[in-house]
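See below for the structure under consideration.
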Amino acid sequence: MVDVNLPRYFKYFNAQEFEFVSDIDTRMSDQKIWDYACSQGLIILTKDSDFYTRCVLSTKPAKVIHFRFGNYTLQQLHTFFEKNWEMIREMIEKSTLLIVDEDEIRAVL
């Protein structure tokens, strides 16, 4: 589930496997996004640190990929994903929470 703080029209998210918060309800609260992702078995892709906290504190967390880099241009974002997307996809299969920084990707849970 791609949160509203990530680009809607981005080639890495342009597949049927992705659902966008903006397609469901742009006014969804973090709690509703969390509940929806949990009930549907979705991974939350976000830049919002609230989901990191929810994941750490939850007894039954949703999977979360928390992107913690600044405001990239679309070109910078493409370059980053070109280099790292496969590793991110592989890591989230074995993890519950990934922290993705400019220079480091790590599994927290």
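What follows draws every value from the coordinates through simple rules; no lab data is involved. Here the structure is a predicted model, which is why all the values come from computation and not from measurement. For neighbour counting, all protein chains shown are included, and Cβ atoms are generated from backbone atoms with ideal geometry for every residue, glycine included.
Observations
- Within segment 66-109, the set of residues being surrounded by 13 or more Cβ atoms within 10 Å (Cβ to Cβ), over 12 Å from the mean Cα position of the chain (by Cα) and among the hydroxyl-bearing types (S, T, Y) comprises Y72, S95.
- In segment 16-32 there is at least one residue that is among the hydrophobic types (A, V, I, L, M, F, W, C) and over 22 Å from Y72 (Cα atoms).
- Among (1) surrounded by 13 or more Cβ atoms within 10 Å (Cβ to Cβ); (2) out of contact with any Ser or Thr (no Cβ under 6 Å at 6 or more places or on another chain) - the single one K63 does not satisfy: (2)
- All positions within segment 11-47 that are of a type outside the set (A, V, I, L, M, F, W, C), touching a residue at least 12 places away in the same chain (Cβ under 8 Å) and either under 13 Å from L97 (Cβ atoms) or in a helix (DSSP H, G or I) (or both): K11, Y12, S22, D30, Y36, Q40, T46
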